[in-house]
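What follows is calculated from the coordinates using simple rules that are stated; it is not laboratory data. Note that the structure is a prediction, hence the values are computed from the model and not measured. Cβ coordinates were reconstructed from backbone atoms using ideal geometry, including for glycine residues, and neighbour counts include every protein chain displayed.
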Amino acid sequence: SPEPETKEYRMIDKVNMPNPEEEDLISRTQKFAKELENRKKSLLGLGQSISMMPSDQFNDRLKVPAYVRAGIKLQDLPHSSERIISRFNLNDENEMLGNNKFLHDNVD
């Protein structure tokens, strides 16, 4: 008698096959991990550059604010203790109106 035909079936392991959303998540996670590693390296390099800096140069950096070292000029603004309250408001057409009824010197 002829031998019966045997059919071979292969099972697909669906547990280990990520769907497209999982692949995207894995891809984004790997990208984030690389960016994190690069950030770590740059911060470690920054720490090393500071520790290798001569002490007088380090002290100069502490004494001079960063905006001055960068050459940024600040505007002359009134001191925060000075009270400057506008007595004007704008209407819907952005025209100035006087006597702002919400701002007054009388404390409730």
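Residue 41 to residue 66: FRET efficiency via 1/(1 + (r/R0)^6), r the Cβ-Cβ distance, R0 35 Å, to the nearest 0.05?
Numbers: r = 23 Å, r/R0 = 0.66.
That pair, residue 41 with residue 66, gives E of 0.90.
Note the full-extension length gain between residue 30 and residue 88 as 0.36 nm times their separation in residues minus their Cα-Cα distance, in nm to one decimal.
Length gained, residue 30 through residue 88: 15.3 nm.
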